[in-house]
Amino acid sequence: MGYDLELKGNVDSELGPTSNRLKGTGGAYRVSWSTALRYRGLSGGVNVNYNFGKITNSRILTFDSIPAALATEFVEDFSISGFNLGYGVQYAFNFTDLSEEGQKVASGKRLILGVNGMLGGSVDTDATLLLRRFSQQSIGGRVPIIQDSLRSEGALRGRADLPASYNFGIAFEDVNRLYIGAEYGRQRYGDYTNDAQPESLADVTRLAAGIQYIPNADSYNSYWRRVRYRAGVRLEDDPRTIDGEQARRNAVTLGVGMPIRLPRQQVSFLDLAVEYGKFGVPDVLDETYVQFTLGFSLNDNSWFFKRKLN
């Protein structure tokens, strides 16, 4: 996370114009360990996640027309650490055809059903708060002179309850030809609590669908027939509410996966996508955006080859 905004205002005619500078640094991170098992068409696994990180937010209020006036700054540091668990189960039903000998053989087509999610858990929080005033006239352009600390609190330890989530998905795949999938999910942000930063959130529902099509994955004379063409749509809520109404995001995505052939006939992909979406609350907040994505899918199994030297 990182932002640095300056907002100009004139809320008091006696004090003149004011400035609010909002800054934020840091972020939350996750390290995961995963394991899974498979028996025929059924597979399942678990994730053990360690969550940690620190976020610093500050707000500085200054009076632009009064150089001698003291500026006010509020600084909040917030850190988390703790574990939670994730899970996933998938079943693949493989369709078969009859060979010339009358035996069942794989047709390359299958139906996939899956469910995954996160278990609700608690993590430790640690926060510090600082409210101070300082002179806007620094010495030699260096740090400002602190005049008064109005509030200073440290080691505010507490707990945060993370929301549980679950997702259901279904997909049909014709290997190296067609893939169609849909997913429904829900996150229980209404159960989220945070001793360090109390806030009220709402449960989130998400619905997404997508398709991938490959004209001819084995084409030798046409590169564009080997390209993976993708399209998708998603409708999802945002846990935040504005004037009692929950924000919402709707988006459509178009993309391509461009194959790159490596030595030993290995294939990697350059993935490009563009997303057009709308976010907000009707008649309150309306945001339209376009987002471009660049990614790489690199495949290299050369370390599994046993080399011989003569």
In a GNM of the chain with a 10 Å cut-off on Cα contacts, which of Arg38, Arg206, Arg159 has the highest mean-square fluctuation?
Arg38
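For the chain, just run the numbers: alpha carbon Rg, then divide by 2.2 N^0.38 Å, N being how many residues it has.
Against the compact-globule rule of thumb, the ratio is 1.39.
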Once both labels are modelled 7 Å past Cα along the beta-carbon direction, what's the Glu287-Phe74 spacing in nm?
2.1
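What translational diffusion coefficient, in µm²/s and rounded to a whole number, does the Stokes-Einstein relation yield for region 87-136 at 25 °C and a viscosity of 0.890 mPa s, taking the hydrodynamic radius as the Kirkwood radius over Cα pairs?
143
Could you calculate the FRET efficiency of Ser297 with Ala209 from 1/(1 + (r/R0)^6), where r is the beta carbon distance between them and R0 is 30 Å, rounded to 0.05?
0.90
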Residue with peak Gaussian network fluctuation, the chain [Cα springs, cutoff 10 Å], from Gly16, Gly295, Gly41
Gly16
Please report the accessible area of Asp218 (heavy atoms, 1.4 Å probe, ligands and nucleic acids excluded) in Å², nearest 10.
120
Would you mind calculating the gained length between Asp174 and Ala28 on full extension (0.36 nm times residue separation, minus the Cα-Cα distance), in nm to one decimal?
48.7 nm
Top mean-square fluctuation among Gly102, Gly169, Gly257, Gaussian network model of the chain, C-alpha springs under 10 Å?
Gly102
Over region 161-310, the quotient of the Cα radius of gyration and 2.2 N^0.38 Å is 1.43
Set Lys and Arg Cβ to +1 and Asp and Glu Cβ to -1, take the dipole of the chain about its Cα centre, and tell me which of Met258, Ile211, Leu61 lies farthest positive.
Met258
Normalised by the number of residues in the chain, what is the relative contact order in percent for Cα pairs under 8 Å and 6+ residues apart?
9
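The values are calculated or read from the model by the stated rules, or taken from the named source; none is laboratory data. Treat the numbers as computed from the prediction; the structure is a model and nothing was measured. A quick note on method: Cβ atoms are made from the backbone with ideal geometry, for glycine too, and the neighbour counts reach across all protein chains shown. The area values use the complete protein model at the heavy-atom level, side chains included, leaving out ligands, DNA and RNA. Shrake-Rupley method; radii C 1.70, N 1.55, O 1.52, S 1.80 Å.
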